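Engineer: Got a structure for you, questions after.
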């Protein structure tokens, strides 16, 4: 059992893009520090975020352009002003990307020797992914942001001469991408230190799959099931079930696990190396796919005609454990889970997830009911894919509401009834979405699965946070033995 599971803890689910800020996606500057102060004052010891990578136009953090890189939209411009790399007037008047370009230009002119050395050290330390990512971003910009499999063949297929010629011609664009990653990582590491000094652990999220249009797939095509033109032979998803007659066709590339095994899972080891530098704890999305995954023909429009294929199973986690020691992982084990998946999770001591919004339909054996929780788990009122608890309760029918109150009583209004149930659960960790702490309705939902519009853009503001909220939360956490 990892040390983060040795005591009862509670935390808040909030992606950094949801922090108050002047930019369209928030940031990790003063607003993030104020949020950490709020967590500390409330007695929480965990801050759970979604994946931090650079997103496509839909803002989804689960379809990022890199499994390593950070989202430059999170860079704190005020920090660049303080360092003398950005004029205050520019910071206020110019778009984010223009500010970052100007900051890079000023950095090259005025940076101190130690700052230049820190930048060089960063590029060397992260060279295992940074060069490919920066090159990918530079080419993408010159190709009007087309996907890599639509680039001219020589660039698409990474012809060495073509890449050398491009790198010479567009060295400035490549260096700009490197500099932005330096800013992101240095600022995030400072933020992590600020959190850890106040007893707050950062809790990250790692999707099992990567986006087809990503630096990772472009630079490592031999690790993914695709043809010589970059078209996908098979894609990821899940089979038909109670929720969908046609299943879910996610469309992500699938791994060539046999090739990865031959390489001792080096690509995955590198991926964990990056994320463990950013987070204290990591949630593994779609843990089920490591035991068996649903393989769908690339030309199928739905997930109906897929098949189950063996995943890497214990081999991968043994390789990770040998490299990193005891793994601070949480397994996302939602949906239909087989005994084999449970056995794999338990073999390595990973907590599973319990979602209270799923608890009140079905019979007494429903694993999400509070009476069926177990200590080796993380309980949530809901996740980023659920409605807010207030919105969910408003949509419940009378039978569901009766089941809820038969289980939990009616001593409090929603969402506090569900929040208290989560905190009082036997689960070692309890996570509450920020929307529930603020008692917000469905219009504040973070994501609606299956909907392509309006997701991932929610922000809160400090005027939504009652002055008495930290005290109320600290009392609740103390009562449930989660206040640290």
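Engineer: In the set 227, 280, which member is surrounded by fewer than 21 Cβ atoms within 10 Å (Cβ to Cβ) and within 18 Å of the chain's Cα centre (by Cα)? Reasoning before the result, please.
Structural biologist: Numbers: 227 fails: within 18 Å of the chain's Cα centre (by Cα).
From the options 227, 280, the qualifying one is 280.
Condition check ((1) part of a loop (DSSP other than H, G, I, E, B); (2) closer than 23 Å to residue 181 by Cβ; (3) without any contact (Cβ under 8 Å) to a residue 40 or more places away in the chain) across all residues:
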residue	(1), (2), (3)
4	no, no, no
12	no, no, no
33	no, yes, no
39	no, no, no
70	yes, yes, no
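Engineer: Somewhere in the stretch 31-48, is a residue at pLDDT 95 or above, within 15 Å of residue 436 (Cα to Cα) and under 13 Å from the mean Cα position of the chain (by Cα)?
Structural biologist: For the stretch 31-48, residues at pLDDT 95 or above, within 15 Å of residue 436 (Cα to Cα) and under 13 Å from the mean Cα position of the chain (by Cα): present.
Let's see how each residue does on (1) in contact with a strand residue (DSSP E or B) (Cβ under 9 Å, 6 or more places away or on another chain); (2) at pLDDT below 95; (3) surrounded by fewer than 18 Cβ atoms within 10 Å (Cβ to Cβ):
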site: 399; (1), (2), (3): no, yes, yes
site: 406; (1), (2), (3): no, yes, yes
site: 411; (1), (2), (3): no, yes, yes
site: 414; (1), (2), (3): no, no, no
site: 417; (1), (2), (3): no, no, no
site: 421; (1), (2), (3): yes, no, no
site: 430; (1), (2), (3): yes, no, no
site: 433; (1), (2), (3): yes, no, no
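Engineer: A further question on this structure: State all residues of the stretch 338-352 that are touching a helix residue (DSSP H, G or I) at 6+ places or on another chain (Cβ under 6 Å) and surrounded by fewer than 19 Cβ atoms within 10 Å (Cβ to Cβ); if no residue qualifies, say none.
Structural biologist: 340, 348
Engineer: On to the next question. Report those helices (runs of 4 or more DSSP H) wholly inside the stretch 75-170 carrying at least 3 residues which are without any contact (Cβ under 8 Å) to a residue 40 or more places away in the chain.
Structural biologist: 88-93, 96-110, 113-125, 127-142, 153-156, 160-169
Engineer: So is residue 78 in contact with a helix residue (DSSP H, G or I) (Cβ under 9 Å, 6 or more places away or on another chain), surrounded by fewer than 19 Cβ atoms within 10 Å (Cβ to Cβ) and under 27 Å from residue 18 (Cα atoms) or not? Steps first, answer last, please.
Structural biologist: Numbers: in contact with a helix residue (DSSP H, G or I) (Cβ under 9 Å, 6 or more places away or on another chain): yes; surrounded by fewer than 19 Cβ atoms within 10 Å (Cβ to Cβ): yes; under 27 Å from residue 18 (Cα atoms): yes.
Considered against the rule, which asks whether it is in contact with a helix residue (DSSP H, G or I) (Cβ under 9 Å, 6 or more places away or on another chain), surrounded by fewer than 19 Cβ atoms within 10 Å (Cβ to Cβ) and under 27 Å from residue 18 (Cα atoms), residue 78 comes out as yes.
Engineer: Sticking with this one: Those residues that are assigned to a helix (DSSP H, G or I) and surrounded by 17 or more Cβ atoms within 10 Å (Cβ to Cβ), I need them from the stretch 250-268; list them, please. Explain how you work it out, then say what you get.
Structural biologist: Applying the first criterion (assigned to a helix (DSSP H, G or I)) to the stretch 250-268 yields 257-262, 266-268.
Correct list: 257, 260, 267, 268.
Engineer: Of 366, 447, 386, which residue is over 22 Å from residue 482 (Cβ atoms) and either touching a residue at least 60 places away in the same chain (Cβ under 8 Å) or under 19 Å from the mean Cα position of the chain (by Cα) (or both)? Please lay out each step first, then the result.
Structural biologist: Values: 366 fails: either touching a residue at least 60 places away in the same chain (Cβ under 8 Å) or under 19 Å from the mean Cα position of the chain (by Cα) (or both); 386 fails: over 22 Å from residue 482 (Cβ atoms).
One residue alone meets the criteria, 447.
This table checks each residue for (1) assigned to a loop (DSSP other than H, G, I, E, B); (2) out of contact with any helix residue (DSSP H, G or I) (no Cβ under 8 Å at 6 or more places or on another chain); (3) crowded, with 19+ Cβ neighbours inside 10 Å.
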residue: 217; (1), (2), (3): no, no, yes
residue: 236; (1), (2), (3): no, no, yes
residue: 244; (1), (2), (3): yes, yes, no
residue: 289; (1), (2), (3): no, yes, yes
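Engineer: Going through 312, 375 one at a time, which residue ends up being at pLDDT 95 or above, in a loop (DSSP other than H, G, I, E, B) and closer than 19 Å to residue 5 by Cα?
Structural biologist: When all the criteria are applied, what remains is 375.
Engineer: Now a separate question. Look at residue 380 and say whether it is touching a residue at least 60 places away in the same chain (Cβ under 8 Å) and in contact with a helix residue (DSSP H, G or I) (Cβ under 8 Å, 6 or more places away or on another chain).
Structural biologist: Yes: the conditions hold for residue 380.
The values are calculated or read from the model by the stated rules, or taken from the named source; none is laboratory data. Only a predicted model underlies this, so the values are computations on that prediction, with no experimental measurement involved. Heads up, the Cβs are rebuilt from the backbone with ideal geometry, glycines too, and the neighbour counts pull from every protein chain shown.
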